[in-house]
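Data first, discussion second: the structure below is written as structure tokens.
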Amino acid sequence: MENKKKKVITRIGDVFCIQINDSYKQYFQYIAKDMTQLNSSVIRVFEKKYPIGGNDSIENIVQDKVAFYIHTSLRIGIVEGAWYKIGNSKNIGNPDGVMFRSNIDMGNVPEKSYNWYVWYINAPKIKIGEMNDLYLSVDIGSVYPYKEVIHRIKTGSSMFKHPK
């Protein structure tokens with residue numbers, strides 16, 4: 001008899017756990033589908049680390065400070081065992097207020113780009129040209145593989161080089 005894994009259905013508000021080492025875990029929440037960026041899943045990753053084995057309240061978790069927002073494929077992360085769903089919360093913050101940035105030079109990785117765009121989830125992209133201080137803290141809006149999500153949670157930095 002074949003051992004089949006149970007299919008995990010994802011919904012806006014789902015909270016997921018990632019074990020970051022033998023002692024700690026961290027959480028993120030699925031907050032939106034971004035039609036502007038390949039209909040990808042947008043997650044908000046929370047800053048706080050929790051001890052392994054703790055029984056953490058979902059409603060307390062979603063009140064934590066957000067470390068960053070990122071586009072990814074939830075399904076692949078689930079299939080690969082990178083993260084697992086722990087529950088759902090209707091409190092998803094304010095996805096309409098989440099802005100991303102990107103540029104058409106991402107693959108070329110020039111030292112400086114004059115082709116930057118910004119957008120809010122499910123809104124049209126706005127060309128700003130050269131990057132300026134107003135948007136420097138806005139998260140990059142590329143769709144990242146699950147390994148980048150894990151790397152960024154564990155290290156606080158991206159595996160990928162981005163132009164200025």
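The values are calculated or read from the model by the stated rules, or taken from the named source; none is laboratory data. In this text the structure is predicted, and so the values were computed from the model without any measurement. Here the Cβ is made from the backbone with ideal geometry for all residues, glycine too, and neighbour counts use every protein chain on show. To get the accessible areas, we keep the full protein, side chains included, count just its heavy atoms, and leave off ligands, DNA and RNA. Shrake-Rupley method; radii C 1.70, N 1.55, O 1.52, S 1.80 Å.
Identify the residue in segment 4-52 that is in contact (Cβ under 8 Å) with a residue 12 or more places away in the chain, in a loop (DSSP other than H, G, I, E, B) and closer than 20 Å to Lys90 by Cα and, among all such residues, is farthest from the chain's Cα centre (by Cα). Residue satisfying both the conditions and the ranking: Val8. In the set Ile121, Ile140, only one residue is among the hydrophobic types (A, V, I, L, M, F, W, C) and modelled with pLDDT of 95 or more; that residue is Ile121. Taking the criterion of being open to solvent by 20 Å² or more (accessible area, probe 1.4 Å), closer than 15 Å to Gln37 by Cα and out of contact with any Phe, Trp or Tyr (no Cβ under 6 Å at 6 or more places or on another chain), the residues of segment 96-137 that qualify are Asp96, Ile104, Met106, Tyr117, Tyr120, Asn122, Ala123, Pro124, Ile126.
Of everything in segment 53-95 that's of a type in the set (Phe, Trp, Tyr) and in a strand (DSSP E or B), which residue is most open to solvent (accessible area, probe 1.4 Å)? Ranking the candidates gives Tyr84 first.
Only one entry in Gln29, Gln63 is at pLDDT 95 or above and under 29 Å from Pro124 (Cβ atoms), namely Gln29.
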